[in-house]
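Colleague: Mind looking over this structure? Questions follow.
The values are calculated or read from the model by the stated rules, or taken from the named source; none is laboratory data. These numbers were taken from a predicted model, which means no experiment stands behind them. When we count neighbours, we look across all protein chains shown, and the Cβ atoms used for this are built from the backbone with ideal geometry, even at glycine. Ligands, DNA and RNA are excluded from the accessible area calculation, which covers all protein heavy atoms including side chains. Shrake-Rupley method; radii C 1.70, N 1.55, O 1.52, S 1.80 Å.
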Amino acid sequence: MTLICSQTNLPKLFKGIALFTPGGDLIYGINPNKQSQWHVHLCMGLQEILSLTEPPHFLIPGYTATVERWLNPRTQAIETIAEIYPAVQCYQPLLKVLFETEDTVWQIAPWQEEYCSSLILETYRDQFPQLWQDHDLVIRLDSQASKQTQVKSLNSDNQNSALLINHQKADGCILQLFISNDNFTTEKTLASIHQILEQGLTCPYTLKVIDISKYPEQAEKYHVSATPTLVRVWPEPIRRIVGELNDFQRVVKIISSL
């Protein structure tokens with residue numbers, strides 16, 4: 001899981017949509033006024049990023065999640081509605097961080113066989129093999145984001161992603177958060193560190209979450225023996241923060257130090 005951020009705070013009221021691929025990549029948008037063409041633009045974004053022959057409209061609606069934060073005119077209270085389709089409900093922890101919906105209960109959208117059937121989706125695999133590959137991408141695509149970025153997966157040889165990482169090194173931070181396989185703890189830790197980074201850093205950053213049970217070689221490479229551990233990979237020298245990540249000043253000071 002990789003979280004890309006460019007220091008763009010969410011508006012008070014907004015509409016948002018996330019589009020996933022079968023391989024686990026994500027492209028999403030956040031906008032105060034956007035009501036139409038979201039799906040078209042996100043599909044076109046995937047087409048460009050993954051070099052597809054045409055936009056993958058067949059992913060809609062089965063691989064989407066939507067959020068709306070609105071002002072109830074009757075109560076004058078801000079309310080949030082969040083809906084996610086069954087095929088991608090496992091990504092709720094990531095979506096809660098991206099859309100800042102920690103206290104929101106996500107509603108599971110009704111299954112639609114004509115759009116969500118795995119058998120129907122499988123018929124597109126030969127034409128769009130990139131969608132079944134995990135490129136480790138989380139990309140924000142809207143007018144509020146200052147830039148689009150990609151990150152190279154641990155298992156990817158995508159040269160374009162590698163070049164984008166090198167470009168980002170010049171003006172941002174690359175961080176790796178090592179965790180153990182515990183969904184509740186991971187969600188809590190990710191939400192905490194995301195809040196600290198958004199509020200404390202003045203530069204763009206990439207936060208990559210690595211499960212040490214799946215990638216022990218990465219833990220060994222960065223001398224990680226306990227979780228959670230936050231590692232600043234770039235800029236050098238490498239910095240590590242082990243244990244609780246709730247101390248705002250300490251985390252920001254270590255990450256920002258040269």
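Colleague: Tell me the accessible surface of K188 in square angstrom (1.4 angstrom probe, heavy atoms of protein chains only), to the nearest ten.
Modeller: That residue has around 130 Å² of solvent-accessible surface.
Colleague: Provide L121, L141 ordered by accessible surface of protein heavy atoms (probe 1.4 Å), highest first.
Modeller: If we order L121, L141 from most to least accessible, we get L141, L121.
Colleague: Oh, and also: How do the peptides 74-85, 129-140, 51-62 rank, highest first, by the average count of neighbouring beta carbon atoms within 10 Å per residue?
Modeller: Order by mean packing, descending: 129-140, 51-62, 74-85.
Colleague: Another question about this same structure. Compute the distribution of all C-alpha to C-alpha distances in segment 14-140, in bins of 10 Å from 0, and list the percent of pairs in each, rounded to whole numbers.
Modeller: 12, 44, 33, 9, 2, 0
Colleague: Go through 39-47, 18-26, 234-242 and give me the packing order, highest mean Cβ count within 10 Å leading. Intermediate results must be reported in sequence, preceding the final value.
Modeller: Details: 39-47: 19.3, 18-26: 22.4, 234-242: 14.1.
By packing density, highest mean first, the sequence is 18-26, 39-47, 234-242.
Colleague: How fast does segment 173-256 diffuse by Stokes-Einstein, in µm²/s, taking the Kirkwood radius from C-alpha pairs at 10 °C and 1.306 mPa s?
Modeller: Working: Rh = 12.8 Å.
Result for D is 124 µm²/s.
Colleague: So for E217, E244, what's the accessible-area order with a 1.4 Å probe, most first?
Modeller: Greatest to least solvent exposure: E244, E217.
Colleague: When the dipole is taken about the Cα centre of segment 57-128, and only Lys, Arg (+1) and Asp, Glu (-1) are charged at their Cβ, what size is it in debye, to the nearest 20?
Modeller: Using only the charged Cβ atoms, the result is roughly 140 debye.
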